[in-house]
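Below is one structure, written out as structure tokens; the observations come after it.
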Amino acid sequence: MAVLLRLSVLSRAQGGRALFLRAPVVRPALVSAFLQDQPMPGWCGMQHIHLSPSRYSDSKAASLHWTGERVVSVLLLGLIPAAYLNPCSAIDYSLAATLTLHSHWGLGQVVTDYVHGAATQKAAKAGILALSALTFAGLCYFNYHDVGICKAVAMLWKL
Amino acid sequence: MAALFLRHAGRQYLRAHLSPQLVIRNAVPMGTTAKEEMERFWNKNTSSNRPLSPHITIYSWSLPMAMSICHRGTGMALSAGVSLFGLSALLLPGNFEGHLDLVKALCLAPALIHTAKFGLAFPLMYHIWNGIRHLIWDLGKGLKIPQLYQSGVVVLVLTVLSSAGLAAM
């Protein structure tokens, strides 16, 4: 507290410009950043603070990934009635792509949630990638050399 | 004392203006990523060999909780099914019609076939309806607790009805 009082004295003496812009940063208890340990009240010492203002972490990758996941979900949702009403080769390949991408990202989230440690997670993600790639290849092969997804479902259901 | 402090604070102030970094009194700004922090947490956690507190074995189950894990479960099952289908196309000899003829040759009872169709449709329909529920949440709607339960029941009813409808087709 005394620290802040002295600083305010200083800034008032200097016309109180830039220091007060930094005031939120100098008051540790109010910093909305990731703190390793909770400071005790009345504490006034050294603290490692991780801050991620935009100039440190400019990557929008995670945010874009999230949006991509939702877009693919909506696409897949639309493809299903389309496949029923208008079965064709274009829908076959679109289904193959959206289905494998949606499941690839979904399985990726499961791995992120339950697999810990950098090495094992990397291995699991690589395994998922291989599975998704093979699945997509298999579905495309089926679309090309066999009856295609839409027709296959129709044939299966006529059993 | 005040003079000493003023000199130090002044130096901080000067440093704050000269360097582009945030100056936190007596602290080191660290630009660690979330991944690094997570890695550090898990390393510390696993190396301390602490026993795991009971969680899912003691926590009272709620409908949203159960439906959430079922969404994940059906998703994984459907993924497995799709992958099995795709891999079979690559690895197994013969074409799809041939495999269907194999099943027809088994002369299974219609009731069994009907049940199998229901069994295939059910996880798919559940995942689709609950998926729509998820997308509605992503729009920020229906997040109040009573709404969670209401939408959950709606999803369950829709699942049963649509699965029955599909199995009858």
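The values are calculated or read from the model by the stated rules, or taken from the named source; none is laboratory data. Computed from a predicted structure; not experimentally measured. Quick reminder, even Gly has a Cβ in these numbers, built from the backbone with ideal geometry, and neighbours come from all protein chains shown.
Summary of computed values
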{"read-out": "Residue pairs meeting the criteria (Cβ under 9 Å; at least 6 apart or on separate chains; first farther than 11 Å from B:Leu158 by Cα, in segment B:112-135; second of a type outside the set (Lys, Arg) and outside any helix (DSSP H, G or I))", "value": "B:Ile113/A:Leu159; B:Ala116/A:Leu159; B:Ala116/B:Leu108; B:Lys117/A:Leu159; B:Lys117/B:Met169; B:Arg133/B:Gly142"}
{"read-out": "A:Tyr114 vs. criteria at pLDDT below 95 and among the aromatic types (Phe, Trp, Tyr)", "value": "yes"}
{"read-out": "Per-region count, segment A:61-89, residues closer than 16 Å to A:Trp105 by Cα and of a type outside the set (D, E, K, R)", "value": "15"}
{"read-out": "Pair list, Cβ under 9 Å, 6 or more apart: segment B:33-47 residue closer than 23 Å to A:Asp58 by Cα, other residue among the hydrophobic types (A, V, I, L, M, F, W, C)", "value": "B:Ala34/A:Phe34; B:Ala34/A:Ala62; B:Lys35/A:Ala118; B:Glu37/A:Phe34; B:Glu39/A:Ala118"}
{"read-out": "Filter result (within 21 Å of A:Ile91 (Cβ to Cβ) and among the hydrophobic types (A, V, I, L, M, F, W, C)) within segment A:63-79", "value": "A:Val71, A:Val72, A:Val74, A:Leu75, A:Leu76, A:Leu77, A:Leu79"}
{"read-out": "Tabulated pairs, segment A:80-108, first away from every other protein chain (no Cβ under 12 Å) and touching a residue at least 40 places away in the same chain (Cβ under 8 Å), second among the charged types (D, E, K, R) and part of a helix (DSSP H, G or I), C-beta under 9 angstrom, 6+ apart or interchain", "value": "A:Ala83/A:Asp92; A:Pro87/A:Lys151; A:Asp92/A:Lys151"}
{"read-out": "Pair list, Cβ < 7 Å and 6+ apart or interchain, from segment A:136-148 residues that are within 7 Å of chain B (Cβ to nearest Cβ) and in contact (Cβ under 8 Å) with a residue 24 or more places away in the chain to residues that are surrounded by fewer than 21 Cβ atoms within 10 Å (Cβ to Cβ) and of a type in the set (S, T, N, Q)", "value": "none"}
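Results for (1) over 34 Å from the mean Cα position of the chain (by Cα); (2) more than 7 Å from every other protein chain (Cβ to nearest Cβ); (3) in a helix (DSSP H, G or I), shown as yes or no for each residue.
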position: B:Leu87; (1), (2), (3): no, no, yes
position: B:Leu90; (1), (2), (3): no, no, yes
position: B:Leu102; (1), (2), (3): yes, yes, yes
position: B:Ile113; (1), (2), (3): no, no, yes
position: B:Ala116; (1), (2), (3): no, yes, yes
position: B:Ala121; (1), (2), (3): no, yes, yes
position: B:Tyr126; (1), (2), (3): no, yes, yes
position: B:Asn130; (1), (2), (3): no, yes, yes
